[in-house]
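Written below as structure tokens is the structure these notes are about.
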Amino acid sequence: MSALARPGLLLVGSLQHTQQECERLRTKYDVLQFTGIRNEFLQNCKQGNFNHVAGLYRTNSTKETGPFDKELVLSLPDSLKYIGLNGAGYDGMDISACTERNIRISNTPNVVANATADVAMFLLLGALRHAMIPLQALRDGRWKEGAPLGHDPYGKTLGILGMGAIGQALAHRARAFGLRIIYHNRSRLSKDKEGSATYVTFDELLQSSDILSLNLPATPETRHTLSQPQFEIMKNGVVVINTARGSLIDEAALVNALNSGKVLSAGLDVYEDEPRVHLGLISNDRVMLLPHIGTTTVETKREMELLALRNLEHALDHGELLTPIREQS
């Protein structure tokens, strides 16, 4: 059988941790790789160079093509049936356009949970202890000059908005620090998943949380879930943690809430307009800032690549994705 008679599998970008697994796939499929720029990708599609491709691998940060917006989705070959996304969030893809073209999408939701929850817990503790202030003082040769008293997590109420795999992993970690867990979700969890956490309404979550962690997907509906009206009904001195997507928070409103003291401190790994960060956040030493590194561990990146490839292999062999996105499941 010739290579072109086999299903085509297109890798957009490079695999960093699963080269051996990819070599095995080359024995089953015609594996192509694209590492150019967006205009070159669109030109390849127009020229029919990918016309036998049935599966496509990509990451959320694919610099080669930019977002999979409607323009790009409409340029994809008719042969393409599956996209294996290496990432839990898929706000960089036009899902409606893909669905209209009968292109099925998978993501990597559960394998990112532990690494992201670790970062959320790191930010939570750092925000409570105002860790940025003594860290900077130490680097400036001022020992712990100006460091304020922080706060203990023990006995405080952690509100988790979005109790999926990451939210549950965060709750598991938070219990070890003596935090009381409340949560709001699209639907209440089963008792075995809920554990000792208490299900509350969205308004109750805002009103009762000493610390609020955002763990929602980015959709048009979740944009600016936290803005001025929400900050107004929170406790004075609340701590806000976001490791999900920057669009969930109106950053200008957060800066105002920090400046007024309504929000005591914040821990952020994601931002509204990445890689740009609001100057009001950068200049506030009560804010713990990380550059979107929630899943950047060797172990997690490997598991994400593996799951994306397994999705594509299973779909090409059996016509079904292992972890389809919620909108298509």
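The values are calculated or read from the model by the stated rules, or taken from the named source; none is laboratory data. On a predicted model such as this, the values are computed, not experimentally measured, just so you know. Neighbour counts are summed over all protein chains in view; Cβ atoms, including those assigned to glycine, are modelled from backbone coordinates with ideal geometry. Ligands, DNA and RNA are stripped out before the accessible areas are found, and what is left, the full protein with its side chains, is counted by its heavy atoms. Shrake-Rupley method; radii C 1.70, N 1.55, O 1.52, S 1.80 Å.
Bridges between two residues of the stretch 112-289, per DSSP, are antiparallel at a rate of about 5%. In the chain, a dipole from Cβ-located charges (positive for Lys and Arg, negative for Asp and Glu) runs towards its positive end, and of 226, 214, 39 it is 214 whose Cα lies farthest in that direction.
Starting from the Cα gyration tensor of the stretch 1-71, take the square roots of the eigenvalues, sort them a ≥ b ≥ c, and report rounded, prolate or oblate (rounded when a/c is under 1.5, otherwise prolate if a/b is larger than b/c, else oblate). The shape class here is oblate. Scanning residues 5 or more positions from residue 33 or on other chains, those with amide H under 5 Å from its amide H are 11, with H placed 1.01 Å from N in the peptide plane.
Roughly how big is the stretch 1-137's charge dipole about its Cα centre, with Cβ charges of +1 (Lys, Arg) and -1 (Asp, Glu), in debye to the nearest 20?
That gives a dipole near 220 debye.
Remark on residue 212: its backbone amide H falls under 5 Å from those of 159, 239, 240, 241, a criterion applied only to residues 5 or more positions apart or on other chains, H modelled at 1.01 Å from N.
Solvent exposure of residue 187, expressed as accessible area, is near 70 Å², computed with a probe of 1.4 Å over the protein chains only.
Projecting the Cα atoms of 190, 89, 253 onto the charge dipole of the chain (Cβ charges, centred on the Cα centre) puts 190 farthest toward the positive pole.
For residue 145 and residue 61, FRET efficiency with R0 = 25 Å and r from the beta-carbon atoms, rounded to 0.05? Approximately 0.05, to the nearest 0.05.
Placing dummy labels 7 Å off each Cα toward the beta-carbon, the span from residue 157 to residue 327 is 3.5 nm. For residue 233, put the label point 7 Å out on the Cα→Cβ axis and report which residues of the stretch 151-165 keep their amide N under 14 Å from it. Within reach of a label on residue 233, which here means backbone N under 14 Å from a point 7 Å along Cα→Cβ, the stretch 151-165 contributes nothing.
Look at the dipole of the stretch 1-142 built from charges on Cβ: of 115, 51, 11, the Cα furthest out on the positive end belongs to 115.
Roughly speaking, what is the stretch gain from residue 47 to residue 22, that is 0.36 nm per residue apart minus the C-alpha to C-alpha distance, in nm to one decimal?
Working: separation 25, 0.36 × 25 = 9.00 nm, distance 2.60 nm.
Gain in length upon complete extension: 6.4 nm.
Spin-label model, residue 221/residue 317: points 7 Å from Cα along the beta carbon direction are separated by 3.6 nm.
Of all DSSP beta bridges confined to the chain, the antiparallel ones make up roughly 5%. Simple point charges give the picture: +1 on the Cβ of Lys and Arg, -1 on the Cβ of Asp and Glu, and for the stretch 112-289 a dipole about the Cα centre of about 460 debye.
Entry note, the chain: the mean residue ellipticity at 222 nm calculated from DSSP H runs of n ≥ 4, each adding -39500 (n - 2.57), is -10000 deg cm²/dmol after division by the residues and rounding to the nearest 500. Packing, taken as the mean count of other beta carbons within 10 Å per residue, orders the peptides 11-20, 263-272, 76-85 from highest to lowest as 263-272, 76-85, 11-20.
Between amide H atoms placed 1.01 Å from N, distances below 5 Å from residue 59 occur with 86, all of them 5 or more places distant or on a separate chain.
What's the Cα-based Rg to Rh of the stretch 112-289, Rh via Kirkwood? Provide the component values of the computation, followed by the final result.
On the way: Rg = 15.5 Å, Rh = 16.3 Å.
Reported Rg/Rh, Kirkwood definition of Rh: 0.96.
Over the stretch 112-289, accessible surface divided per residue gives 47 Å², non-protein components excluded, 1.4 Å probe. Note: relative contact order over the stretch 112-289, using C-alpha pairs below 8 Å and six or more positions apart, is 23 percent. A straight line joining the Cα centroids of the stretch 55-72 and the stretch 80-125 runs 13 Å. Only lysine pairs 8 or more places apart or on separate chains count here, and in the chain those with Cα atoms under 25 Å apart total 14.
Counting only Cα atoms, the chain measures 70, 48, 35 Å along its principal axes, largest extent leading.
Quick check: at a probe of 1.4 Å, how many percent of the accessible area of the chain sits on carbon and sulfur atoms? Kindly include the intermediate steps, with their values, before the conclusion.
Values: 8130 of 15810 Å².
Accessible surface attributable to carbon and sulfur in the chain totals 51 percent.
Dipole size of the chain about its Cα centre, with +1 on Lys/Arg Cβ and -1 on Asp/Glu Cβ: approximately 500 debye, rounded to the nearest 20.
In sequence order, the stretch 81-86 has phi-based couplings of 10, 9, 10, x, 8, 8 Hz under the Karplus curve 6.51 cos²θ - 1.76 cosθ + 1.60, θ = phi - 60°, and Gly or Pro positions carry x.
In terms of the mean number of neighbouring beta-carbon atoms within 10 Å, the peptides 159-166, 136-143, 197-204, 170-177 order highest first as 159-166, 170-177, 197-204, 136-143.
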